[in-house]
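The values are calculated or read from the model by the stated rules, or taken from the named source; none is laboratory data. Only a predicted model underlies this, so the values are computations on that prediction, with no experimental measurement involved. Positions of Cβ are generated from backbone atoms using ideal geometry, with glycine treated the same way; all protein chains shown enter the neighbour counts.
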Amino acid sequence: MIAKKNKKIVASAILMKFGKQLLFILIFLISFSGTSQVKATLDTTNIKIGEEIMYHIEVLADSTSVVIFPEGQSFLPLEVIEFYPTDTSYENQKTKLIKKYGLTQFDSGKFVIPSQLLRINEQAFYTDSLLVEVADVEVDTLKQKMFDIKPAIEVPPVKTDWLKYLLWGFLILAILALLIYLILRQKKKIEEAKRQLPPFEEALVALKTLDTSEYLKENRVKDYYSSLTEIVKRYLDREVDEAALESTTDELILKLELHKDSGHLDFDRATINRLREILKRADLIKFAKMQMESGQAQLDRADIEEIIKETHESIPEPTEEEKLKDALYQEELLKKKQKQKRFYIAGGIASVLIIGLALLSLIFGFDNVKDKIFGNYTRSLVEQTWIKSEYGSPAVILETPEVLVRKSTQDEFVITKNLDDIFTFGDIQKKIYIYVGSAKAKDSTAQNLELLLEEKMILLEEAGATNLMVMDEPFTTEKGVTGIKAAGEFNVSLGDNKYKKAKSEYELVIFSQGGFTQEILIVSEKEDIYAQQIKERVLNSVEIEVIKQR
C-alpha cells in the first residue's frame, strides 16, 4: 500500500512539473503572438486578361511601429496598375494596416505572385506567394464588330519631381528675403549716419530741444537732469573720449584730467570742476531724490552749454601724423565692421537654411528631404523605370535598373573566371553590384551545383571577401528550372588591408541544364534599404530559358 501511495505521489509530482512547463510554453506562445503579424490575400484567384485583381497586405502591429510597404514593380510577373492608400483601423489595442494594390496580367496562364518584403521597425517580414490563373478572352471575329485603328492620343507629361523643386524654391526665397532684409537694414544705418550732425552741432541742437521740453513745468527734474547729463556725455564721447557715455561721474572727471595733463585738452581746471559739480548734483537728484533750488536747472543748463563750447574751442587741430593714424584706425574699424557684417549675413543665411530644412523635415520626413536635396543613388534606381532583358545563351532573363554591360573575364571581378559570357552593373565596392555569367561545360551532363557553389565561395574569399557567412537553399524559377542559392554577408575589401565600414549582403544563384551553367550574383550594402529592395526585385524577376531536350 505504501509503495502504491509513493508511486501516486511521484506521478502527481511529475504531472505538476509537466503542467508548469506546458503553462510556460503557452504563456510564451501567447506573448509571441502579440508581435507583428503580416498576411497577404487576393480578392480572387481567377481573372481574365487585363482584368484588375486586388492584392491586400494586412499588418497587425503596435501603434508605435513604423511599417514600410513594398514599392515599385515588385509583383512581377503581374504588373501594378494602381497603388491604393493605406487603410488604418484599431483592433485589440493594435493598429491594423491594410495596403491594397491593383494588379493585372496581359498573358494567359498560371502565375505566381512572389512573396513581398515588408519592414516593421527595420525588421524584415515576408508574405506568402500566391497563385493566380489568367484566362483568355474568347473573341468570335464573325460576331464581333471590327473597328478602325484609333488615332494617336497625347500622352500626359511624366510626373515631375515637384518636392525637390519645392524645397529648392523655398530655400532660394528664404535666402533672397534675408538678403533683402539685411540690405535694407544696412541702407537705413547708412542714411542715419549721413543725417547725423557733427558732435558740437548735435549737442547744441539737443540743448535747444531740451529747452522746449515739459520736464520742468511738470516737475520732472530727474528726467531733465538725465537728458542734460546724457547730452554732455554724448558730446564728450564723440569728441574727447570714446568711453565717456558709459563712465560714472568720477571716472569721467578722471579721464578729462588725464587728457588735460597729456595735452589733448587745452582748458583750465575750473571748467572741469564746474562739470564735476553739475554731474554730482545730477547724481544726487537722480538717485538720492535731492530737492533742487529754484532756478538751479536753468543755471546748470547754461553752464553745460558753456562747457561744451569751451571744450570745442580747446580741442587742438589734429596734426598730419594724427590724421594719418586716425585714417588707418578708421580703415581698420571699417574692415572690422565689414567682417562682422559678413559674419552676421552668413549666420543669418545658415539660420534660415537650418530652420527651413527643419520645417521641411517635419512636413515631408528627414530622409525624403535629405534624399531630394543631396540625392540618393540607390533610391533613384528603385524609383526609375526598370528594364527587362535577356543575357547569354541560353538566356538569363531578369529586370534591372539599367541594362547590364558585357565585360571580359580579364577586367572583371575574379569570381567571374571560367565563364564565357559576363554582364555586370555597378561596382563590388559600392552600394549595389549585379553580375550575370554563363559557361558551357565539356559535356552535356548536369553539373553538381553544390560543388560549383563551393568553388564560387572559394573564389569570393580569394577576391577579398572576409568574414564570409554562407547559407544555401534550393531555388526554383516560375518555369520550373531548379538551381541552388547561397546568401549571407561579408566585408568587402578595398585593397591595402582596408575594408568597407558597412557590411555587404550577397545572394548567389547557380543553374545547370543541358551542359550549361548560369550564375547570378547580387551584392548590396546591408544598411541601405533601397539596395535591399533592388536585390529582392532582381531576384524575384529571374527566369532561365528552358533548353528543350532532344
request  = Can you confirm whether segment 68-90 contains a residue that is out of contact with any Gly (no Cβ under 8 Å at 6 or more places or on another chain), modelled with pLDDT under 85, over 26 Å from THR104 (Cα atoms) and part of a loop (DSSP other than H, G, I, E, B)?
outcome  = no
request  = Give segment 68-114 a look and list any residue that's among the polar types (S, T, N, Q) and either touching a residue at least 60 places away in the same chain (Cβ under 8 Å) or not assigned by TED's automatic domain parsing to the domain that holds SER129 (or both), or say none.
outcome  = GLN73, SER74
query = Restricting the search to segment 274-327, which residues are surrounded by fewer than 15 Cβ atoms within 10 Å (Cβ to Cβ), at pLDDT 80 or above and under 60 Å from the mean Cα position of the chain (by Cα)?
reply = PHE287
GLN533 being outside any strand (DSSP E or B) and surrounded by 19 or more Cβ atoms within 10 Å (Cβ to Cβ) = yes
query = If you go through segment 112-123 one residue at a time, do you hit one that is at pLDDT 85 or above, exposed (fewer than 11 other Cβ atoms within 10 Å of the Cβ) and among the hydrophobic types (A, V, I, L, M, F, W, C)?
reply = no
task = Could you pull out the residue among ILE363, ILE349, ILE373, ILE345 that is at pLDDT below 75, in a helix (DSSP H, G or I), of a type in the set (Val, Ile, Thr) and touching a Leu at 6+ places or on another chain (Cβ under 9 Å)?
result = ILE373
key: segment 415-437, residues that are among the hydroxyl-bearing types (Ser, Thr, Tyr), more than 20 Å from LYS501 (Cα to Cα), buried (at least 21 other Cβ atoms within 10 Å of the Cβ) and at pLDDT 80 or above   = TYR435
key: Filtered residues of segment 449-496 (kept if exposed (fewer than 13 other Cβ atoms within 10 Å of the Cβ), closer than 24 Å to VAL546 by Cα and in contact with an Asp or Glu (Cβ under 9 Å, 6 or more places away or on another chain))   = GLU450, LYS479
query = Are any residues in segment 469-485 in a loop (DSSP other than H, G, I, E, B), within 19 Å of TYR435 (Cα to Cα) and under 38 Å from the mean Cα position of the chain (by Cα), and if so, which ones?
reply = VAL470
task = For segment 217-244, name all the residues that are farther than 19 Å from ALA288 by Cα and surrounded by fewer than 15 Cβ atoms within 10 Å (Cβ to Cβ).
result = LYS217, GLU218, GLU242, ALA243
